[in-house]
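Reading through the structure tokens given below for one structure.
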Amino acid sequence: MDYLDVERITKSFDSFMAVNQASFKVPEGTIYGLLGPNGAGKTTTMRMIMNIIIPDSGKIIFFGESFNESHKNRIGYLPEERGLYSKMKLLPHLQFFGELHGLTASASKKIATEWLERFDLIEWSDKKVQDLSKGMQQKVQFIGIILHQPDLLIIDEPFSGLDPINTKFLKDILLEFKAQGKAIVLSTHLMDQAEKLCEGICLINKGEVIIAEDLASIKKKYGRNSVRLEYQGDAGFIHKIPGVKELDNYGNYMEIRLQEQADTDQILKAVANSRLKISKFEVAESSLNDIFIDLVGR
Amino acid sequence: MLKIFKIVKREFLTKVFTRGFIISTILGPVLMIAIILAPAYFITLGSDKPVRIGILDYTATFGEPLRTTFQDTLNTGERKFQFSDIDIRDYTMQTVNYLSLVETGEFKGIVVIPENVYESDSVLFMAKTVSDLELVQRLRNGISSIVRQQRLKLENLDPVKIGQLTRGISIYTIKVYEGTETARGFGEEYLTAMIFLVILYMTILIYGSSIMRSVIEEKSSRIIEILLSSCNSFQLMMGKLLGVGAVGLVQYVIWVTMGMGVFVIVTNTMPAIAESITFSTTALLFFVIFFIIGFFTFSTLYAAVGAMCSDMQDAQSVSIPVTLLIVLPFLISFMVIRDPASEISQILSLLPFFTPLIMFLRVLLIHPPGIEIFLSILINLLTIVGIIWITAKIYRVGILMYGKRATLPEILRWIKYR
């Protein structure tokens, strides 16, 4: 079942078209990525999904029904602009979030305590939010939106500002949620992250949905072969090798995009016969980043 | 509905259990009474020191009469007004010296009585500060009466006899209300009304602006959007208004209870003083009612201001019109207090924004007809519904606008948004 079904939503602010006819579906048990550069319309789309901004036209279906306020108790939303009441103590604050999502006071407190333990914040329960570090506050914000065990999570830039350890920690939890059958929509401008996490991808640019499909078919459709090369020496000759379309040279590392039907063996031979010192030669599908640049650049 | 209650609960609990609330609840009325009574206290405080006044008397007849006219004594038993005769020749020779005595404060001032005082009708008072109206008034009255008596003597009339014949009458005020007569001084009633009025005015202002601050805090801490994931902006706004309103109401209930307690204690121990207390339980009830009306009228407007602005500095300038809407009725109330029954007072008391202070004042002073009170409350409730409706629209868009202050055309557009 599709937990979220966005149908041709459009929003303009005065003369500025923020989102134009965006449609995509998020089935249960998947992680769905909303990708695009800054200002593409990701946040506006999420706000429309959350009924914070009312779309000019289009429809949003949750769990097979059109939106009503009670759906908010089944959704957890973490916006990009997020904060906490700095003067409140941690546990009461989380309890408030839980209650606001329809939990009873005692249930909310119990679940909040469990999550605080898991996030290693339990000894801070009695401290005020303002005494916490920024990273801790981000964890608290995340706990705040999962207390009510939502079926659908919508997270704007989940990993921004997190250190590598916490990024991994959060990623593991998201995967755990996916395994439980929850649907997760996340927005990011970090393509490689989306590539690793998401089943479905919606690419947005300047308010327009460029593509909304599952990752595998996107790659099949738009991905082309490329070669990744780590080397030392003068690589000036490479663009002359037959079959090479484009180079992205970093000095010790380059990505070679190949023409369709080009033979990677030819490339390997040419490189091996040269005076370059090769430490790595890898044939790869083009990354989501490449596809995105290709599609947007067209 | 349940979610509004959760927001109310949070607003209430985080505001009631603060040092600020406890202190203002206890000190509020004390401070208010102190502010009103302090000027009177300082006036009596000033009278603890003798006032030395130089007399430069060209007629050489005022020395004795002045001393008999000004017989006030200080707490110490000393005379308050101490007159020193100044030698005319001495003064002409060393004018500068005498003037410096005035400047150093040795003399509060020098009264110059010219030779032709009976014809010129004026004397001169030289002092470092001439703004001590009370002193100038006393001197004028005192010297006038001496001059008057002297003139009568010159015409061979008996001052005592004339005095008896021309004596004035006193006026006692009695308030007629619902067939009962209550002897009551204007001053007492005025003072009570002022105390209540100042408390009402201050609390509406303070609670209103605290709503504004709290909206801006939520905006700048960026918590609003997280909250909007579980409730809508209307629930958020109403929860805040009701929560803070409940805090104010609790404070009022505590004050009223404290007031009643004092009233009961005073009635039992000092019945004489209790007679001069001019408020009734109905007055206290209206005190609370008009606080609620004033609170919702103004704090909703302040919530709109908070939603339009991103920081306190902006908000302070944008909120000026709203603040004026509270200050204006307060200033006008000084006019209404003089004639609460006039037509203009009656009209003002029915106007939204004016009702809370003006109608309350009229209720305290003249007991307007019930239908008028009812009408004013009805008009204001409708106004509040209207303000809430418009503010909700501004609020919905405004709370997600960060960075810049909204312009008027933008706000008008927000109201039209779907």
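Tabulate in residue order the Karplus-calculated ³J(HN,Hα) for the range B:230-237, using 6.51 cos²θ - 1.76 cosθ + 1.60 with θ = phi - 60°, rounded to whole Hz; enter x for Gly and Pro.
10, 8, 9, 5, 5, 4, 4, 5
Filter the trypsin sites (Lys or Arg not before Pro) in the range A:231-294 down to the DSSP loop ones having no more than 12 other Cβ atoms within 10 Å, then list what survives.
Sparse-neighbourhood loop trypsin sites (Lys or Arg not before Pro): A:275.
Please list the non-local residues whose amide H lies under 5 Å from the amide H of residue B:84, H modeled 1.01 Å from N, same-chain partners needing a gap of 5 or more.
Excluding prolines and chain starts, which carry no amide H, the hits are B:53, B:54, B:55.
In whole Å, what is the distance between the alpha-carbon centres of the range A:122-172 and the range B:46-113?
80
What residue among B:168, B:259, B:28 shows peak mean-square fluctuation when chain B is described by a Gaussian network model with Cα springs under 10 Å?
Among B:168, B:259, B:28, the largest GNM mean-square fluctuation belongs to B:168.
Below 20 Å, Cα to Cα, which lysines can residue B:49 reach? Residues fewer than 8 away in the same chain don't count.
Within the straight-line limit of under 20 Å, residue B:49 reaches these lysines: B:80, B:108, B:128.
Label points 7 Å out from Cα along the Cβ direction at residue B:132 and residue B:269: separation in nm?
Reported label-point gap for residue B:132 and residue B:269 is 3.7 nm.
For peptide B:229-240, how many partner chain Cβ atoms fall within 10 Å of a residue's Cβ, on average?
4
What number, rounded to the nearest 500 deg cm²/dmol, is the helix-based mean residue ellipticity at 222 nm of chain A, given -39500 (n - 2.57) per DSSP H run of at least four residues and division by all its residues?
On the way: 9 runs with 97 residues, N = 298.
Computed ellipticity for chain A at 222 nm equals -10000 deg cm²/dmol.
So, R0 is 25 Å and r is the distance between the beta-carbons of residue B:160 and residue B:120; what FRET efficiency does that work out to, to 0.05?
Given R0 = 25 Å and the Cβ-Cβ separation, E is 0.40.
Which of the aspartates and glutamates could a cross-linker bridge to residue B:9, judged by Cα under 14 Å and excluding same-chain residues fewer than eight apart?
Of all the aspartates and glutamates, those that pass the test against residue B:9 - Cα under 14 Å, at least 8 places apart if same chain - are A:99.
Go through B:6/B:404; A:196/A:280; A:87/A:178; A:59/A:110; A:139/B:393 and tell me which ones have a Cα-Cα distance over 25 Å in this structure.
B:6/B:404; A:87/A:178; A:59/A:110; A:139/B:393
If each residue of separation counts as 0.36 nm, what is the full-extension length gain between residue A:220 and residue A:173 once their alpha-carbon separation is subtracted?
On the way: separation 47, 0.36 × 47 = 16.92 nm, distance 2.91 nm.
Full extension of this stretch gives 14.0 nm more.
Using the alpha-carbon atoms, what tilt in degrees (0 to 90, nearest 10) does helix B:320-338 show relative to the longest principal axis of chain B?
Helix B:320-338 sits roughly 40 degrees off the main axis of chain B.
Given C-alpha coordinates of chain B, what is the ratio Rg to Rh with the Kirkwood estimate of Rh?
Values: Rg = 30.1 Å, Rh = 26.4 Å.
Rounded to two decimals, Rg over Rh is 1.14.
Under a 10 Å cutoff between Cα atoms, tell me which one of B:167, B:362, B:396 has the largest fluctuation in the Gaussian network model of chain B.
B:167
Highest GNM mean-square fluctuation, chain B, Cα pairs closer than 10 Å: which of B:91, B:190, B:395?
B:91
Apply 1/(1 + (r/R0)^6) to the Cβ-Cβ distance of residue A:67 and residue A:1, taking R0 = 22 Å, and write down the FRET efficiency to the nearest 0.05. Walk me through the numbers before you get to the answer.
Working: r = 16 Å, r/R0 = 0.74.
For residue A:67 and residue A:1, the calculated efficiency is 0.85.
From other protein chains only, count the Cβ atoms within 10 Å of every residue's Cβ in A:93-100, then give the mean.
Mean number of neighbouring Cβ atoms from other chains: 5.
Find how much the distance from residue B:88 to residue B:313 grows on full extension, using 0.36 nm per residue of separation minus their present alpha carbon separation; answer in nm with one decimal.
Once the chain is fully extended between residue B:88 and residue B:313, it gains 74.6 nm.
What is the extension gain from residue A:249 to residue A:28, computed as 0.36 nm multiplied by their sequence separation minus the C-alpha to C-alpha distance, in nm to one decimal?
Separation in residues times 0.36 nm, less the Cα-Cα distance, equals 75.5 nm.
Please list, in order along the range B:367-378, the HN-Hα scalar couplings obtained from phi with the Karplus expression 6.51 cos²θ - 1.76 cosθ + 1.60 (θ = phi - 60°), rounded to whole Hz, x for Gly and Pro.
6, x, x, x, 5, 5, 4, 4, 4, 4, 5, 4
Say R0 is 45 Å: what FRET efficiency, to the nearest 0.05, do residue A:239 and residue A:56 get from their beta-carbon distance? Don't skip to the answer; put the middle values down first.
Details: r = 48 Å, r/R0 = 1.07.
That pair, residue A:239 with residue A:56, gives E of 0.40.
Take peptide B:8-15, look around each residue's Cβ out to 10 angstrom, count Cβ atoms belonging to other protein chains, and average those counts.
Per-residue shielding by partner chains comes out at 3.
Out of the DSSP beta bridges found with both residues in the range B:48-163, what percent are antiparallel (nearest 5)?
Antiparallel bridges: around 35 percent, rounded to the nearest 5.
Taking the range A:223-297, how much of its Cα-Cα pair set, in percent, is spaced more than 21 angstrom apart?
Every Cα pair in the range A:223-297 considered, those over 21 Å come to 21 percent.
Over the range A:223-297, what relative contact order in percent results from Cα pairs under 8 Å that are six or more residues apart?
Answer for the range A:223-297 is 44 percent.
Please compute the volume of the convex hull spanned by the alpha-carbon atoms of the protein assembly as shown and report it per residue in Å³.
Details: hull volume 204.2 nm³, N = 716.
Output value, Cα hull per residue: 285 Å³.
Search the structure for amide H atoms under 5 Å from the amide H of residue A:205, placed 1.01 Å from N in the peptide plane, and list their residues when 5 or more places away or on another chain.
Result for residue A:205 returns A:210.
Since every read-out is calculated from the coordinates, none of them should be taken as a lab result. This structure is a prediction, so every number in the text was calculated from the model and none was measured. When we count neighbours, we look across all protein chains shown, and the Cβ atoms used for this are built from the backbone with ideal geometry, even at glycine.
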